[in-house]
Amino acid sequence: MKNYKLVILVGYAISFMGILVMTISYFRESLGLFFLGGFLMFVGLIAIISLMSLNLFFKDKELEIEKLRQMGLTIVVCKNCFKENVLEDQYCIYCGEKLGSDEDELQEEHKT
Ligand SMILES: [Zn+2]
């Protein structure tokens, strides 16, 4: 999520524009502009909220790996896609590559 902050910023910008349009509509006494502003604000807010929950979801995934590690499970990095897997899984959950057993050194660490 490299563009996360940028998209959030765009979301804020859209909401801000909505407020601006609503303010203008107040002075011009235009109902159409008022609804347009309200719509923009709504879209911006929805974008921000959905992105924030999405980001939370990704953070949860990272935490899960930490939890597994604390439970004493060995976390191995897939040689093919370099993503983290539990050694107890035989195949990479991301790309299906067979997880090698030459990570014995790591395993020993957890046994002691
Ligand atoms: Zn993989």
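The values are calculated or read from the model by the stated rules, or taken from the named source; none is laboratory data. Since the structure is predicted, the reported quantities are computational estimates derived from the model, not experimental observations. Accessible surface is based on the protein model in full, side chains and every heavy atom, while ligands, DNA and RNA are left aside. Shrake-Rupley method; radii C 1.70, N 1.55, O 1.52, S 1.80 Å.
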**OP:** Of the numbered conditions (1) modelled with pLDDT of 85 or more; (2) of a type in the set (Phe, Trp, Tyr); (3) under 30 Å from LEU9 (Cα atoms), PHE57 fails exactly one; give the number of that condition.
**Re:** (1)
Original post:
Which one of the conditions (1) open to solvent by less than 90 Å² (accessible area, probe 1.4 Å); (2) on the phi > 0 side of the Ramachandran plot does ILE24 fail to meet, given that it meets all the rest?
Top reply: (2)
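Yes or no, residue by residue, for (1) charged (D, E, K, R); (2) modelled with pLDDT under 85:
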residue	(1), (2)
PHE39	no, no
GLN70	no, yes
LEU73	no, yes
LYS79	yes, no
LYS98	yes, no
GLU105	yes, yes
LYS111	yes, yes
Subject >> For LYS5: the one exception among (1) modelled with pLDDT under 80; (2) open to solvent by 100 Å² or more (accessible area, probe 1.4 Å) >> reply: (1)
